[in-house]
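Below you'll find the structure, written out as structure tokens, and then a few comments.
The values are calculated or read from the model by the stated rules, or taken from the named source; none is laboratory data. Bear in mind the structure is a predicted one, so any value in this text is a computation, not a measurement. Backbone-built Cβ (ideal geometry, glycine too); neighbour counts: all protein chains shown. These accessible areas exclude ligands, DNA and RNA; they are computed on the full protein's heavy atoms, side chains included. Shrake-Rupley method; radii C 1.70, N 1.55, O 1.52, S 1.80 Å.
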Amino acid sequence: MAHQQIPGLDPTATPSGTGCVECLAGDGPGWWFHLRRCAACGHIGCCDSSPAQHGTKHAREAGHPLLTSFEPGEDWFWNIETDQYYEGPELAPPTAHPASQSTPGPRDKVPGDWERQLH
């Protein structure tokens, strides 16, 4: 599907920050595995493998079903309602968290047994 045909995608929306908004605000354990960006509003949330799964929660609650990766080198789009991948336009920068940022992150919040806590 061409990106012009993807409703609800706003390529001008800038990211809300460099980490999961809710994790950084103290909602849940406070760390993430990978990050996801809302293609409608730029909200940054943690992925579904992360303990709190804030990216998908935001998508459902806000009615913004299109998520994209906020990881360096990844540029896919995913629709949580249709379970389909899409190719889309380049979004407003930055398109990923800083390369210097740890994965998982943030570094000072990641527990030693983080791998056992993934979904």
Amide H of Gly17 versus every other amide H placed in the peptide plane: which residues, excluding those fewer than 5 positions away on the same chain, fall under 5 Å? Ile44
Can you tell me how region 11-66 classifies by the Cα gyration tensor, rounded, prolate or oblate, using a/c under 1.5 as the rounded cut? prolate
Note to self: with every protein chain in place and a 1.4 Å probe, region 7-119 gives an accessible area per residue in Å² of 52
MRE, 222 nm, helices only [DSSP H, n ≥ 4, -39500 (n - 2.57), over the chain, to nearest 500]: -2500 deg cm²/dmol
Accessible area of the chain with a 1.4 Å probe: how many percent of it is carbon plus sulfur? 48
Coil-residue chymotrypsin sites (Phe, Trp or Tyr not before Pro) of region 52-84, DSSP, other Cβ within 10 Å capped at 13: Trp76
Can you list the equivalent-ellipsoid semi-axes of region 21-102, largest first and in whole Å, using the square root of 5 times each Cα gyration tensor eigenvalue? 19, 16, 11
Net charge dipole size for region 21-102 [Lys, Arg +1 and Asp, Glu -1 on Cβ; Debye, nearest 20]: 200
DSSP loop GluC sites (Glu not before Pro) with at most 16 other Cβ within 10 Å: longest gap in the chain: 1-73
In the chain, which cysteines lack any other cysteine Cβ under 4.7 Å from their own? Cys38, Cys41, Cys47
Any chance you could run the full-extension gain for Thr103 through Ala62? It's 0.36 nm times the residue separation minus the Cα-Cα distance, nm to one decimal. 12.1 nm
FRET efficiency for Ile6 and Asp113, using Cβ-Cβ distance with R0 set to 25 Å, rounded to 0.05: 0.05
